[in-house]
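The values are calculated or read from the model by the stated rules, or taken from the named source; none is laboratory data. The model shown is predicted, which means the values in this text are computed figures rather than measured ones. For neighbour counting, all protein chains shown are included, and Cβ atoms are generated from backbone atoms with ideal geometry for every residue, glycine included.
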Amino acid sequence: MSRSQPQTYYLRSFGCQMNDHDAERIAGVLEGMGMCRVASPEEGDILVFNTCSIREKADTRLAGHLSLAGRLKKEDPGKLISVTGCLAQSRREGFFADFPFVDVLVGPQSLHELPGLLEERLASGRRSSAFAETTSSWSADLPRVRVDGPLAWVQIVAGCSNFCSYCIVPHVRGPEASRPAEAIVREVEGLVAAGVREVTLLGQNVNAYGAEPGYVGDISFPMLLEKVCSVPGVERVRFMTSHPKDVSADLIRMLAEPNQVCEHLHLPVQSGSDRILSAMRRGYGRKAYLDLVRRLRHEVPTLSLTTDLIVAFPGESEEDFEDTLTLVEECAFDAAYTFIYSPRPGTTAAALPGRLPAGLAEDRLKRLVAVVQGQALEANQALIGRRMSVLVERPSRQDPKVMMGRTRGHKPVNFAGHARSGELVDVEVLEATSTSLRGRQAI
């Protein structure tokens, strides 16, 4: 069976920032094969879905998109459908049984094999797949199609070795592997030459950079930050995500010193209960996390602190949940991503007893969100009247006459003015909500 060479592709990506990064590389690979991107699946000769398996909601959303893809392929059997990313890796060939119209499956460590798999499908008509257990080839080394603008992702770590009981990431992205520092710096230099002013260093646990057995680089994450800051033209450096147990004194120093590293730390805590943290296998307790936050607040007074929180973990009591609420109140987070626990097949927590009723879980989530939003509003209102440095990203989606950018603390700011994308400008803050600031460009 032979098919005509595809000319167009449709790409939809779900999930985390690492998936956003990988989607840029998938687009680069497909355009390197001579294809042009289209805006709708109806227009695409190849439909690619880059998947996430962190939460059940992502699976449900993908199923809806694949249902449409299946109908389109029935109307046009010449279409090719590829599923890439974490869900492909976790379900592997079993995915073909559930979705027999899918042509190619590719795990996140095997994106470099996508062109060959598509060519094989075109030439032979056989469905094909590629999955790797460890990182031997970096998606960051693939061609890239990036949205124009002053911001860019830079992958520094792949995989995770923590095996938190609820998390599928170590099972689908393999153990931690650190990308060579020289390759990271070269990429940052190239991005700056292309007009990028802010880079975000990405990894499931960036703090673990250089710490895995056998790593040849002999360089820590704070040392890598210093190297990236030394690249001429870099205005701001961010990173995510950090694991609390691996935050070092040198990292705190980098956040505190005057340099390009922004005073923003995303520090997932997940729960405020020692009992639940132990069941989650997080590697720290409530006191250790609170002590770390106090040290951060003391040494980096302007720090913007954000986090991840899970409610309704199996067996969570009202007392456990109250521990989470009191921890949130004490930490005074600037923002938080809040989730109801979602069991992931293959993880230890999926087999735990004590699943909470949906109604109770939703009620706890609402109570938690109310506390988080109240804190965020208070923190943002405290900035009214202040002049803040903002890196301009783009015009506002609601009003093209208004520009949107972010403070060093990662707070979004909409403001009136004449600034252009990529400029650093001072903005006077006039209004605040729990999620953003509004102001005017200072003269």
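Quick check on this structure: which one of Val216, Val188 is out of contact with any Pro (no Cβ under 6 Å at 6 or more places or on another chain), in contact (Cβ under 8 Å) with a residue 40 or more places away in the chain and over 25 Å from Asp308 (Cα atoms)?
Val188
Which condition does Glu329 not pass, out of (1) of a type in the set (D, E, K, R); (2) closer than 23 Å to Ala249 by Cα; (3) under 26 Å from the mean Cα position of the chain (by Cα); (4) part of a helix (DSSP H, G or I), if it passes all the others?
Every listed condition holds for Glu329 apart from (2).
Are there any helices (runs of 4 or more DSSP H) wholly within segment 247-301 with 3 or more residues that are on the phi > 0 side of the Ramachandran plot and either surrounded by 17 or more Cβ atoms within 10 Å (Cβ to Cβ) or of a type outside the set (S, T, N, Q) (or both), and if so which?
Hits in segment 247-301: none.
Here are Val311, Val261: which of them is of a type outside the set (Ser, Thr, Tyr), touching a strand residue (DSSP E or B) at 6+ places or on another chain (Cβ under 7 Å) and under 30 Å from Leu356 (Cα atoms)?
Exactly one residue qualifies, and that residue is Val311.
Name the residues in segment 198-218 that are buried (at least 17 other Cβ atoms within 10 Å of the Cβ) and in a loop (DSSP other than H, G, I, E, B), would you?
Gly203, Gln204, Asn205, Tyr209, Gly210
Quick check: anything in segment 1-18 among the hydroxyl-bearing types (Ser, Thr, Tyr), within 20 Å of Ser124 (Cα to Cα) and at pLDDT below 95?
There is at least one residue in segment 1-18 that is among the hydroxyl-bearing types (Ser, Thr, Tyr), within 20 Å of Ser124 (Cα to Cα) and at pLDDT below 95.
Specify the residue that is surrounded by the most Cβ atoms within 10 Å (Cβ to Cβ); the eligible residues are those in segment 429-443 that are without any contact (Cβ under 8 Å) to a residue 40 or more places away in the chain and more than 20 Å from Glu378 (Cβ to Cβ).
Gln441
Listed here are the residues, each with its yes/no results for (1) farther than 20 Å from Glu378 by Cα; (2) under 27 Å from the mean Cα position of the chain (by Cα); (3) among the polar types (S, T, N, Q); (4) at pLDDT below 95.
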site	(1), (2), (3), (4)
Gln398	yes, yes, yes, yes
Arg406	no, yes, no, no
Gly422	yes, yes, no, no
Val427	no, no, no, no
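Look through segment 387-427, keep the residues that are hydrophobic (A, V, I, L, M, F, W, C) and within 17 Å of Val196 (Cα to Cα), and return whichever of them is surrounded by the most Cβ atoms within 10 Å (Cβ to Cβ).
Filtering segment 387-427 for residues that are hydrophobic (A, V, I, L, M, F, W, C) and within 17 Å of Val196 (Cα to Cα), the one surrounded by the most Cβ atoms within 10 Å (Cβ to Cβ) comes out as Val390.
Would you check if there is a residue in segment 49-72 being assigned to a loop (DSSP other than H, G, I, E, B) and out of contact with any Ser or Thr (no Cβ under 9 Å at 6 or more places or on another chain)?
No, that holds for no residue.
Tell me which of these Ala152 doesn't satisfy, since it passes every other one: (1) over 18 Å from the mean Cα position of the chain (by Cα); (2) under 30 Å from Arg394 (Cα atoms).
(1)
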